[in-house]
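Right, one structure below, let's go through it.
The values are calculated or read from the model by the stated rules, or taken from the named source; none is laboratory data. Since the structure is predicted, the reported quantities are computational estimates derived from the model, not experimental observations. Using ideal geometry, Cβ is built from the backbone for each residue, glycine included, and neighbour counts are taken over all protein chains shown.
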């Protein structure tokens, strides 16, 4: 199975063209018809890369990326590429300031898009390979990321939709795997090792 690419595109014809072309190039493609559906799909199953239209009903592409940064530190390393017919500099600048990895204007040149996808996926693979493997789960890393941002277990529980007890369990597991005695030491060691850095974007 090829790398999983999520395409968030409200125009059905464009979405079908993207799915057909990328599937022929060996990728696994998942489609979402609006920003809300796209955000849900990212949070429920982490794709390897996201292609996202800017102008959409319910949530714009900009709003999807903003919410991702606020809600899910664990997915912030996933390459995020905007697709848009908006060619003005202001919109492109806004997308890049939000943390978008690239900005592709329509009509889409699929060869250029494929080269962008390949570069972004190879950089992600290299970054992941450089991170020490300490067997931390996504929830353990996510809990440490929010701890690094100064959140308490209770606040983290609210953000992640878990109980405080479950958050403490994840942090204790992470602390034990990292071989440290306190939560602060776990955050410091995870940051120094590059584990948190990759998930903070």
> On the given criteria, is residue 65 in contact with a strand residue (DSSP E or B) (Cβ under 8 Å, 6 or more places away or on another chain) and either surrounded by 18 or more Cβ atoms within 10 Å (Cβ to Cβ) or modelled with pLDDT under 90 (or both)?
Replying inline: yes
> Would you pick out the residues in region 12-27 that are in contact with a strand residue (DSSP E or B) (Cβ under 7 Å, 6 or more places away or on another chain) and surrounded by fewer than 17 Cβ atoms within 10 Å (Cβ to Cβ)?
Replying inline: 23
> With (1) at pLDDT 85 or above; (2) outside any helix (DSSP H, G or I) as the list, and residue 184 as the residue in question, which single condition is left unmet?
Replying inline: (2)
> Could we say that residue 181 is in contact with a helix residue (DSSP H, G or I) (Cβ under 8 Å, 6 or more places away or on another chain) and either farther than 27 Å from residue 124 by Cβ or assigned by TED's automatic domain parsing to the domain that holds residue 45 (or both) here?
Replying inline: yes
